[in-house]
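Let me begin by presenting the structure, written as structure tokens, before commenting on it.
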Amino acid sequence: MDNDPMGEIKNILKKGQWRKLFVIGALIILLFAFKPWVQIGAGERGVVQNFGAVQENVLNEGIHFKIPIVQTVILMDVKIQKAMTDAASSSSDLQDVDLSVALNYHIIPDKANLVYQTIGVEFKERIIDPAIQEVMKAVSARYTAEELITKRPAVSTEMQQALTSRLLASNISVDAFSIISFSFSQTFTDAIEAKQTAEQNALKAKRDLDRIKVEAQQTIAAATAEAEALRLQKMNISPDLIELRKIEANLKAIEKWNGILPEVTGAGAIPFIGVGDAIKNK
């Protein structure tokens, strides 16, 4: 069997099938040129526009078809995003405060078309950063510089609530908010350190005073107990008891005596010379 490629091509052209090939090729070119589909990735939403007019429907993740030339689809990122912002403000006692905060937020997915329509894709620069700046200054002005330190959780909560309310109006949801750092002037920082040192010294002095008071009370209690014991002993002393104690003392002395009488019993007494020897010879 003769397989002649050129011959087969000639046969196709003769039969008019080249027209079909041309039509198919043209359709393929048009398909890729106008691309009548769009792919929405993970964490994204598609904002549909008909000749530039934003539509109500928002496209979810996946592949969607669109009308070429008529429709365009804008991709909006609805994943959680992070904004780091620094701001300079003042406390209620007119101390300069420099704050650094972190905000986690995301566009409400079903409202992505409204965010694009009213704000655009640069919503961080237009909405997020100014809102953080204003809230930080407004909340800081309601606390003294010392309260900003001692009541930091309350300050953080108040700022988050204020930002949540403010950004929700722009269809942006707040996921988390945290104060990274407070910084004050060097003069105020030194004053805070001096106050803390004074408080620590005062606390130590109070502890020492309390310890001394306890020790004094213990000493008084011990002395009182001893005095009471002596008083009770004194109440129990009688002439018979005194006589009994004398007899017991004499008996102990006799037990310790070695049998030798003293040669001299006292001044002017008659010496017992040789009496010990006489007793031994008996």
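The values are calculated or read from the model by the stated rules, or taken from the named source; none is laboratory data. As the structure is a computational prediction, the values presented were derived from the model and not from experiment. All Cβ positions, glycine included, derive from the backbone under ideal geometry; neighbour counts span all protein chains shown. What goes into the accessible areas is simple: the full protein's heavy atoms, side chains included, and nothing from ligands, DNA or RNA. Shrake-Rupley method; radii C 1.70, N 1.55, O 1.52, S 1.80 Å.
Results, tabulated for the structure shown:
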quantity	calculated
Strands (runs of 3 or more DSSP E) completely within the stretch 40-86 that count 2 or more residues being surrounded by fewer than 16 Cβ atoms within 10 Å (Cβ to Cβ) and touching a residue at least 40 places away in the same chain (Cβ under 8 Å)	53-59
Identity of the residue in the stretch 114-124, among the aliphatic types (A, V, I, L, M) and open to solvent by less than 50 Å² (accessible area, probe 1.4 Å), that ends up farthest from residue 87 (Cα to Cα)	115
Test: residue in the stretch 11-33 that is modelled with pLDDT of 65 or more, assigned to a strand (DSSP E or B) and open to solvent by less than 40 Å² (accessible area, probe 1.4 Å)	no
Candidate set from the stretch 87-102 (those that are of a type in the set (Asp, Glu) and assigned to a strand (DSSP E or B)); member that is most open to solvent (accessible area, probe 1.4 Å)	96
Residue match in the stretch 103-110 (condition: touching a Pro at 6+ places or on another chain (Cβ under 7 Å) and at pLDDT 90 or above)	no
